[in-house]
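*Asks:* A single structure is presented below for examination.
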Amino acid sequence: MKKIVLMGNPNVGKSVVFSRLTGANVIASNYPGTTVDFSKGRMCLGKERHEIIDAPGTYSLEPSNKAEEVALEMFRQADLIINVVDATNLERNLYLTLQILERKKPVILALNMWDETRHTGITIDVKKLEYKIQIPVVPTVALSGEGIHDLIRRIDEARSAETIEPMNENERWIKIGEIIRNVQQVTHRHHTLWDWISEASIRPLTGLPLALIVIFAALWLVSFIGETLITYVFDPLFSLYTPIAMSISTWLGPGFLHDLLIGKLIDGQIDYIQSMGLLTTGIFVPFAMVLPYIIAFYSVLAVFEDSGYLPRLATLTDTLFHRIGMHGFGIIPVFLGLGCNVPGVLAARSLETKKQRFIAATLIAISVPCMAKNAMVFGILGPYGFNYIVLVFATLFIVFVSSGLILNRFIQGDSPEICLEIPPYRKPDTLTVLKKTWMRIRWFLQEAIPFLFLGVLLINVLYAIGFVEWLGSIFAPVIQGWFGLPKEATTALLIGFLRKDLAVGMLLPLGMSPLQLVIATTLLTIYFPCVGTFAVMFKELGIRDMIKATAFMAGTALVVGGGMRLILLGI
Amino acid sequence: MEKPITSLETGKTAVILRLEGGFLFRKKMGDLGIRERKTIRLVAIHPFHGPVVVEVDGREMTLGRRMAQHIITWDPE
């Protein structure tokens, strides 16, 4: 069994080639740094099985960050390298290729994004390139699968270049210049509409209004898709299910099992949000309230990611993000955090320094509400009016910016400037978008459902043993006295540690005023992350920083909660 | 005239004379294709000391203002 490693610059499509070769599903996006770790898979060549590794993108074999160190380690272990290069940017990509060739490992070159060379006016003589670098060269379009069979067929031909000897940086660039002159021709092309849009979307005067339009359109699209799915798919499904649940209820009769499975009947009927049974609230919340918005959010996000708009948004937001201790690329973990905080915190890895990663993770945990919770906020505050929803998000935005300013000032360490390549706009491929959305939805279901069930179970047990009342009276001074909320809200905050969406639902039976609901739902985001986020933060930050982050969250929750009470309730 | 890329007019092209900085800075720029004698274009410059967008070899990239100020170009005008 051989170890085959995919290597190449960031954002040249290594992960797409990887999933083509192994059939494995990995997430790829049109911006650099999607793969911060590596993925492993297997492929068969003839009768032999090989291990295949997708290394993070690297510009050279002299690492200057964590991802590049991982890539170098992968290189050392490799028996064979598939060097994936961006055909539209051959000159720069060849630098890594030469470094690999100097180290005498068997290499095959995948000239990826071959289709894009045509409309960018680039012609590459593949045969001549093969001759020049003495290894097999295969044009590929990983997104569509073109050329992948040739790549697999020719893997056996991979070899090391005999006459390429170790050289220094300068000699390497001279050599590359010579190769490029021989194999590549660039014909001048006229600026297209896309070039114009590309520049307009990155310049401050045109880019910022455009960004606002794009973001509002995206939000509208998410809520439109979510609502449509609820009205036409999930509500009808549950109206079919209700008679079944009711007959289970009758069949069970009153007792603990009924409380657990069906929960409390309200006016003799099942109330899917308030009943709190495993077979009622336990399946209604994830499927009929949260899932539609998860589907909506992740499909819109996938289109965003694959179009190449996010690095432009990162550029436009850099001025703000730099002041809160990160740089524009921080928008990517934040965006992912809007879906679910867990991948958001994980994506913070792509930021360079410890300080930046700490700030990103803490801000996500403290002020970026996940889609599961948002869906519930829409569902519960929506009936009272859109302005209440705006109030929640405006508060969270203020918390995000002011916490960032504070953390930037007091956390030690560097926050380097942005240094980010802007990929060309690409038309997102429908199949890729659907596949990526599906992978994320499946992940949501696997992660969310067990915790939701656990939450519902825990609520029932805690009520039964009287723990809820006891806890409520302990926290009453803070919850009642400081936040101006009923003391029963304590339980919701407790359950919020397991699932925030479920916790929002628990606020409903407390008979709070809309403004109290605003305070409670806002606090539910700030006070503490859910258990999943807590676990990844612990893993990513370590115990000391986690304690710091936790203290900061508690402090912020107290300040914001007290402040909101003063402003909104006037008491 | 010799000037940092940040002093160029938006949309203008110039040739890179030198990169003023240490090994790491030069490597970071080199990774992105920003090297001596390359032609560079200033695509956008963001206000309030914001980032700078440049184009080299038909590729756009965003750089922090301080980094960009250390890219010295030759503007024939």
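The values are calculated or read from the model by the stated rules, or taken from the named source; none is laboratory data. Owing to the predicted nature of the structure, the values given are computational and were not obtained by experimental measurement. Note that each Cβ is placed from the backbone with ideal geometry, even for glycine, and that neighbours are counted across all protein chains shown.
*Asks:* Please find, among A:Ala55, A:Ala78, A:Ala87, the residue that is buried (at least 18 other Cβ atoms within 10 Å of the Cβ), among the small types (Gly, Ala, Ser), more than 14 Å from every other protein chain (Cβ to nearest Cβ) and touching a helix residue (DSSP H, G or I) at 6+ places or on another chain (Cβ under 7 Å).
*Replies:* One residue alone meets the criteria, A:Ala55.
*Asks:* Can I ask one more? With the requirement that a residue be farther than 28 Å from A:Leu291 by Cβ and touching a residue at least 60 places away in the same chain (Cβ under 8 Å), what does the stretch A:443-477 give you?
*Replies:* Correct list: A:Ala464 only.
*Asks:* Can you spot a residue in the stretch A:272-280 that is within 34 Å of the chain's Cα centre (by Cα), among the aliphatic types (A, V, I, L, M) and closer than 30 Å to B:Val53 by Cα?
*Replies:* Here is the first cut: in the stretch A:272-280, the ones within 34 Å of the chain's Cα centre (by Cα) are A:272-280.
Now restrict to residues that are among the aliphatic types (A, V, I, L, M): A:273, A:276, A:278-279.
With closer than 30 Å to B:Val53 by Cα added as a condition, the list becomes none.
No: the stretch A:272-280 contains no residue that is within 34 Å of the chain's Cα centre (by Cα), among the aliphatic types (A, V, I, L, M) and closer than 30 Å to B:Val53 by Cα.
*Asks:* In addition: Among the candidates A:Leu320, A:Leu316, A:Leu351, A:Leu396, single out the residue that is farther than 30 Å from A:Val26 by Cα, under 22 Å from the mean Cα position of the chain (by Cα) and within 14 Å of chain B (Cβ to nearest Cβ).
*Replies:* The conditions single out A:Leu320.
*Asks:* Here's a check for you: in the stretch A:322-343, which residue that is in contact with a Cys (Cβ under 8 Å, 6 or more places away or on another chain) and not polar (S, T, N, Q) is surrounded by the fewest Cβ atoms within 10 Å (Cβ to Cβ)?
*Replies:* It comes out as A:Leu338.
*Asks:* Continuing with this model, one more query. So is A:Ile174 over 20 Å from B:Glu55 (Cβ atoms), within 12 Å of chain B (Cβ to nearest Cβ) and modelled with pLDDT of 90 or more or not?
*Replies:* Yes: the conditions hold for A:Ile174.
*Asks:* How many of the residues making up the stretch A:409-422 are more than 14 Å from every other protein chain (Cβ to nearest Cβ) and either within 23 Å of the chain's Cα centre (by Cα) or among the basic types (Lys, Arg) (or both)?
*Replies:* Of the residues in the stretch A:409-422, the ones more than 14 Å from every other protein chain (Cβ to nearest Cβ) are A:409-413.
Checking the rest, the ones that are also either within 23 Å of the chain's Cα centre (by Cα) or among the basic types (Lys, Arg) (or both) come to A:409.
Qualifying residue count, the stretch A:409-422: 1.
The rows are residues; the columns are (1) in contact with a Lys or Arg (Cβ under 8 Å, 6 or more places away or on another chain); (2) of a type in the set (S, T, N, Q); (3) modelled with pLDDT under 85; (4) assigned to a helix (DSSP H, G or I).
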position	(1), (2), (3), (4)
A:Ser415	yes, yes, no, no
A:Pro428	no, no, no, no
A:Thr432	no, yes, yes, yes
A:Lys435	no, no, no, yes
A:Arg440	no, no, no, yes
A:Gln446	no, yes, no, yes
A:Leu452	yes, no, yes, yes
A:Asn460	no, yes, yes, yes
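*Asks:* Within the stretch A:299-307, is even one residue more than 17 Å from A:Val536 (Cβ to Cβ), modelled with pLDDT of 90 or more and in contact with a Lys or Arg (Cβ under 6 Å, 6 or more places away or on another chain)?
*Replies:* Yes, some residue in the stretch A:299-307 is more than 17 Å from A:Val536 (Cβ to Cβ), modelled with pLDDT of 90 or more and in contact with a Lys or Arg (Cβ under 6 Å, 6 or more places away or on another chain).
*Asks:* Evaluate the following for A:Gly328: is it more than 12 Å from the chain's Cα centre (by Cα), within 14 Å of chain B (Cβ to nearest Cβ) and at positive phi?
*Replies:* Taking the combined requirement at face value, the residue does not satisfy it.
*Asks:* Could you tell me whether A:Leu363 is over 21 Å from A:Met553 (Cβ atoms) and either more than 14 Å from chain B (Cβ to nearest Cβ) or at pLDDT 90 or above (or both)?
*Replies:* In short, no.
*Asks:* Right, another one. Check A:Leu61, A:Leu6, A:Leu111, A:Leu98 and return the single one that is of a type in the set (A, V, I, L, M, F, W, C), in a helix (DSSP H, G or I), touching a helix residue (DSSP H, G or I) at 6+ places or on another chain (Cβ under 8 Å) and in contact (Cβ under 8 Å) with a residue 12 or more places away in the chain. Outline the logic, then answer.
*Replies:* Working: A:Leu61 fails: in a helix (DSSP H, G or I); A:Leu6 fails: in a helix (DSSP H, G or I); A:Leu111 fails: in a helix (DSSP H, G or I).
Every option except A:Leu98 fails the conditions.
*Asks:* Specify which of the listed residues (A:Leu72, A:Leu90) is over 20 Å from B:Val56 (Cβ atoms), part of a helix (DSSP H, G or I) and either among the polar types (S, T, N, Q) or at pLDDT below 95 (or both).
*Replies:* On the way: A:Leu90 fails: over 20 Å from B:Val56 (Cβ atoms).
Testing whether each residue is over 20 Å from B:Val56 (Cβ atoms), part of a helix (DSSP H, G or I) and either among the polar types (S, T, N, Q) or at pLDDT below 95 (or both) leaves just A:Leu72.
*Asks:* Restricting to the stretch B:1-32, name every residue that is surrounded by 15 or more Cβ atoms within 10 Å (Cβ to Cβ), of a type outside the set (Phe, Trp, Tyr) and within 21 Å of A:Pro10 (Cα to Cα).
*Replies:* Selection gives B:Arg26, B:Lys27, B:Lys28, B:Met29, B:Gly30, B:Asp31, B:Leu32.
Here is a yes/no grid of residues against (1) under 23 Å from A:Ile398 (Cβ atoms); (2) of a type outside the set (D, E, K, R); (3) surrounded by fewer than 21 Cβ atoms within 10 Å (Cβ to Cβ):
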{"residue": "A:Val456", "(1), (2), (3)": "no, yes, no"}
{"residue": "A:Leu508", "(1), (2), (3)": "no, yes, yes"}
{"residue": "A:Ala535", "(1), (2), (3)": "no, yes, yes"}
{"residue": "A:Thr550", "(1), (2), (3)": "yes, yes, yes"}
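*Asks:* Could you tell me how many of the residues in the stretch B:19-64 are within 7 Å of chain A (Cβ to nearest Cβ) and within 18 Å of A:Ser415 (Cα to Cα)?
*Replies:* Final tally of qualifying residues: 8.
*Asks:* On to the next question. Looking only at the stretch A:300-309, decide whether some residue is in contact with a Pro (Cβ under 9 Å, 6 or more places away or on another chain) and within 12 Å of chain B (Cβ to nearest Cβ). Let's see the steps before the verdict.
*Replies:* So the first thing to find is which residues in the stretch A:300-309 are in contact with a Pro (Cβ under 9 Å, 6 or more places away or on another chain), and the list is A:302-308.
With the extra rule that they be within 12 Å of chain B (Cβ to nearest Cβ), the set shrinks to A:308.
Yes, the stretch A:300-309 has at least one match.
*Asks:* Another question about this same structure. So which residues in the stretch B:65-77 are over 10 Å from the mean Cα position of the chain (by Cα) and facing chain A (nearest Cβ under 7 Å)? Even if it seems obvious, please write down each step before you answer.
*Replies:* We begin by selecting, within the stretch B:65-77, every residue over 10 Å from the mean Cα position of the chain (by Cα); these are B:66, B:74-77.
Within the stretch B:65-77, just B:Arg66 meets the criteria.
Yes/no per residue for (1) modelled with pLDDT of 95 or more; (2) under 12 Å from the mean Cα position of the chain (by Cα); (3) over 19 Å from A:Gly177 (Cβ atoms):
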residue: B:Lys3; (1), (2), (3): no, yes, yes
residue: B:Leu8; (1), (2), (3): no, yes, yes
residue: B:Thr13; (1), (2), (3): no, yes, yes
residue: B:Gly21; (1), (2), (3): no, no, yes
residue: B:Arg35; (1), (2), (3): no, yes, no
residue: B:Phe48; (1), (2), (3): no, no, yes
residue: B:Pro51; (1), (2), (3): yes, yes, yes
residue: B:Asp57; (1), (2), (3): no, no, no
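*Asks:* Do any helices (runs of 4 or more DSSP H) lying entirely in the stretch A:195-267 carry at least 3 residues that are within 14 Å of another protein chain (Cβ to nearest Cβ) and surrounded by fewer than 17 Cβ atoms within 10 Å (Cβ to Cβ), and which ones are they?
*Replies:* Numbers: elements: A:204-229, A:235-252, A:256-261.
The qualifying helices (runs of 4 or more DSSP H) are A:204-229.
*Asks:* So, in the stretch A:348-376, exactly how many residues are touching a Pro at 6+ places or on another chain (Cβ under 7 Å) and surrounded by fewer than 24 Cβ atoms within 10 Å (Cβ to Cβ)? Give the steps one after another, and end with the answer.
*Replies:* Within the stretch A:348-376, the first condition is being touching a Pro at 6+ places or on another chain (Cβ under 7 Å), and the residues that meet it are A:348, A:352-353, A:360, A:364-365.
Of the ones still in play, those that are also surrounded by fewer than 24 Cβ atoms within 10 Å (Cβ to Cβ) are A:352-353.
Of the residues in that region, 2 qualify.
*Asks:* Related question: Pick out, from the stretch A:479-532, the helices (runs of 4 or more DSSP H) lying fully within it that include 3 or more residues that are of a type in the set (Ser, Thr, Tyr).
*Replies:* A:514-526
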